[in-house]
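**Student:** Please read through the structure below; I'll follow up with questions.
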Amino acid sequence: MLLNSYPKIRLGLFPTPIHRLDNISALLNVNVFIKRDDLTGLGLGGNKVRKLEFLLADARQKGAEVVFTTGGAQSNHAMLTAAAARKLGMKPILILKKRGVTERVGNQLLEYLMGTEVIFMDTDDYADIYAEMDRIGRELGVPYYKIPCGGSNALGSLGYVDCAREISEQGLHFDHLICAEGSGGTMAGLALGAKLFLPGSKVHGMMVDNEPFQEITLALMKEAAALLGTDADIREEDIHLMDLCGPGYAVPSEEGNEAVSLMAREEGLFLDPVYTGKAFAGLLKMAREGAFHKTDNVLFLHSGGAGGLFAIL
Ligand SMILES: Cc1ncc(COP(=O)(O)O)c(C=O)c1O
């Protein structure tokens, strides 16, 4: 297994803690734990730091001076890519979809503080955006590196294979792992990582966008497994998905906002309306529908997203 053979640049603080949510556990009558990837230590924390450790190591190895990425106007991934690129002395350029909250609030404010070049493109097609990256890159005439939306390619997903290994070293068995799924890399990495390091753990992706996530996740798992040279037997049945998108991507849902409030009131922790609030609503739904046994250990991945909390809720 080649996980250690891919270069990684330390950008964050690992391992992130795992702790029990005592009040939520009492309310739901099941043991709920939280993996604090909101404390990954760069920017305001979040899941993208793990992916960027692999992606930017690759960028550096290829001599990149400019790093492009994309996403929605309030993309946490884009903001964290800018933070990581700044830290490593590369120039971040973000080409974002002109959708949602484009004013200087939330992640836009953080990008402004980092002096990041942000270009909004009025398109729904990422192919237009990647073509624009190439156009600008050629014009700049320096080596550049393109990171896809959400950092969700096979290399980025290795960040969450690594996270599964980290969880396996933290000493508790989890029957269920629950994460948000926005572009697929986190879920694919965790699901593959669970096969490799967490036998008996079931990974559930809570979908916060309307994309064909079954196919996306399966393809990413297979590509990441190929990178690792593992013969793990990856099947559709390993992918457990639930639709929590509600009124649309980055549009708050009633159940998501209730979940954000519940976590804040019961545990003094802040989720976000776009990803983790909706994902936690999925966990609450599973608990209410009797999907957990009362002796189960359930691990909720807090994947960050604080920037969006100040712009979207
Ligand atoms: C806070 C947060 N949680 C979860 C996700 C979903 O992760 P992924 O894009 O890997 O599916 C994202 C990114 O899109 C995010 O910003």
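Each value in this text was obtained by applying a stated rule to the coordinates, not by laboratory testing. Note that this is a predicted model, so its numbers are computed, not measured. Positions of Cβ are backbone-derived with ideal geometry, glycine not excepted, and every protein chain shown enters the neighbour counts.
**Student:** How large is the charge dipole for the chain, taken about the Cα centre, if only the Cβ atoms of Lys, Arg (+1) and Asp, Glu (-1) carry charge, to the nearest 20 debye? List each step's numbers first, then the result.
**Tutor:** On the way: 30 positive and 39 negative charges, 187 e Å.
With Lys and Arg at +1 and Asp and Glu at -1, about 900 debye.
**Student:** Something else about it: Label residue 261 and residue 112 with points 7 Å out from Cα along Cα→Cβ: what is the distance between them in nm?
**Tutor:** Placing both labels 7 Å beyond Cα along the Cβ direction yields 3.0 nm.
**Student:** Taking a cut-off of 22 Å between Cα atoms, list the lysines near residue 285, but don't count ones fewer than 8 places away on the same chain.
**Tutor:** Cross-link targets: 35, 202, 294.
**Student:** A further question on this structure: Could you check the simple spin-label distance between residue 173 and residue 295, using points 7 Å along Cα→Cβ, in nm with one decimal?
**Tutor:** Label at residue 173, label at residue 295, 1.0 nm between them.
**Student:** So for each of 89-98, 177-186 I average, over its residues, the number of other beta carbons within 10 Å; can you give me the resulting order with the highest mean first? Intermediate results must be reported in sequence, preceding the final value.
**Tutor:** Working: 89-98: 20.0, 177-186: 29.0.
Highest mean packing first, the order is 177-186, 89-98.
**Student:** Count the DSSP beta bridges whose two residues both fall in the chain, then state the antiparallel fraction as a percent rounded to the nearest 5.
**Tutor:** Working: 3 of 36 bridges.
Antiparallel: roughly 10 percent of the beta bridges in the chain.
**Student:** So, one more: Tell me the mean residue ellipticity at 222 nm calculated for the chain from its helices only (DSSP H runs of n ≥ 4, each -39500 (n - 2.57), averaged over every residue, nearest 500). Before the final figure, lay out the partial values.
**Tutor:** Values: 11 runs with 130 residues, N = 313.
After summing the helix terms and dividing by the residues of the chain, the value is -13000 deg cm²/dmol.
**Student:** Compute the separation of the alpha-carbon centres of the stretch 186-203 and the stretch 204-248 and state it in Å as a whole number.
**Tutor:** Taking the Cα centre of each part, the stretch 186-203 and the stretch 204-248 sit 11 Å apart.
**Student:** Which FRET efficiency value, to the nearest 0.05, do you get for residue 131 and residue 310 by plugging their Cβ-Cβ distance into 1/(1 + (r/R0)^6) with R0 = 35 Å? Walk me through the numbers on the way to the answer.
**Tutor:** Numbers: r = 32 Å, r/R0 = 0.92.
E between residue 131 and residue 310, to the nearest 0.05, is 0.60.
**Student:** Just to be sure I understand: with springs between alpha-carbon atoms less than 10 Å apart, which residue in 285, 202, 222 has the highest mean-square fluctuation in the Gaussian network model of the chain?
**Tutor:** 285
**Student:** Separation between the residue 104 and residue 269 pseudo-spin-labels, each 7 Å from Cα along Cα→Cβ, expressed in nm?
**Tutor:** Here the modelled spin labels are 3.4 nm apart.
**Student:** Something else now. When DSSP assigns beta bridges and you keep just the ones with both residues in the stretch 48-151, what percent turn out antiparallel, to the nearest 5? Before the final figure, lay out the partial values.
**Tutor:** Details: 0 of 14 bridges.
In the stretch 48-151, approximately 0 percent of DSSP beta bridges are antiparallel ones.
**Student:** Stretch residue 29-residue 119 to full length: gain in nm at 0.36 nm per residue minus the Cα-Cα span?
**Tutor:** Numbers: separation 90, 0.36 × 90 = 32.40 nm, distance 4.75 nm.
That pair, residue 29 and residue 119, stretches by 27.6 nm at full extension.
**Student:** List, in order, the whole-Hz ³J(HN,Hα) value for each residue of the stretch 290-300 obtained from phi through the Karplus relation with A = 6.51, B = -1.76, C = 1.60 and θ = phi - 60°; use x for Gly and Pro.
**Tutor:** The phi angles translate into x, 6, 10, 8, 5, 8, 5, 9, 10, 10, 9 Hz.
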